[in-house]
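None of the figures in this text is laboratory data; all of them are computed from the coordinates on show. Note that the structure is a prediction, hence the values are computed from the model and not measured. Note that we place each Cβ from the backbone using ideal geometry, even for glycine, and neighbour counts take in every protein chain shown.
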Amino acid sequence: MIKLIENISNTDLEAITEIWLTSNLDAHAFIDKSYWHKNYSVVKAALPNAKIYAYYHNDVIVGFLGMIDNYIAGIFILKEFQSLGIGTHLLNEVKSGYSKLTLNVYQKNETAIRFYLKHGFKIQKEELYHETNELELLMEWSV
């Protein structure tokens, strides 16, 4: 079940931030772990200002999609729930309310790039993300 979290509770904030951290550590082995740990508190502070679409399994959040305006800040799914269509459900939920979406993805995150291409996103440009010294792709989807 997908739910838009509008007033995030401390419990949900903790769960979502932990999913953010573990998902990033799993998906981005090419980035030093300290980068994600250093940004944990920044992300936790920013999450209440984002639109959070949470995916629940047995009343527990197992994944989420974070939005800022029409920008997808990320889709994060617990490893044991990946490849079950949860990311697709979250993305389709968001697509139904927007005519244009953008996002950034690391060039080395080939799994995510394939996922977004499969869902109609197109690569717009490539640029260096200075904080990690890694190339990122700007991707866009529109109706």
Notebook entry, point to check: Hey, which aspartates and glutamates would be in cross-link range of K108, C-alpha to C-alpha under 16 Å, not counting anything within fewer than 8 residues on its own chain?
Noted result: D26, D32, E126, E127, E131, E134, E136
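Within the chain, which is the longest segment containing none of the GluC sites (Glu not before Pro) that sit in a DSSP loop and have at most 15 other Cβ atoms within 10 Å?
Numbers: sites that count: E6, E131.
The answer is 7-130.
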Check: How many angstrom lie between the C-alpha centres of region 62-114 and region 121-136?
Finding: 17 Å
Notebook entry, point to check: Can you work out ³J(HN,Hα) from phi for every residue in region 2-9, in order, using Karplus 6.51 cos²θ - 1.76 cosθ + 1.60 and θ = phi - 60°, giving whole Hz and x for Gly and Pro?
Noted result: 9, 9, 7, 8, 9, 10, 6, 7
Next item on the list: State to the nearest 20 debye the size of the charge dipole of the chain about its Cα centre, where the only charges are +1 on K and R beta carbons and -1 on D and E beta carbons.
Entry: 320 debye
Checklist line | Cβ-derived FRET efficiency at R0 41 Å, K122 paired with Y40, nearest 0.05 | finding: 0.85
Checklist line | Cleavage-rule hits, trypsin sites (Lys or Arg not before Pro), region 1-106, DSSP coil, Cβ neighbours within 10 Å at most 13 | finding: none
Next item on the list: Considering only DSSP beta bridges where both residues belong to region 25-143, give the percentage that are antiparallel (nearest 5).
Entry: 95 percent
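Could you work out the relative contact order of the chain, using alpha carbon pairs under 8 angstrom and six or more residues apart, expressed as a whole percent?
That works out to 20 percent.
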Notebook entry, point to check: Which of the following values of Cα extents along the principal axes in Å was calculated from the structure shown: (i) 35, 30, 28; (ii) 38, 38, 28; (iii) 44, 33, 25?
Noted result: (ii)
Note to self: Straight-line reach from K118: which aspartates and glutamates fall under 15 Å, measuring Cα to Cα and dropping same-chain residues less than 8 apart?
What the structure shows: E110, E140
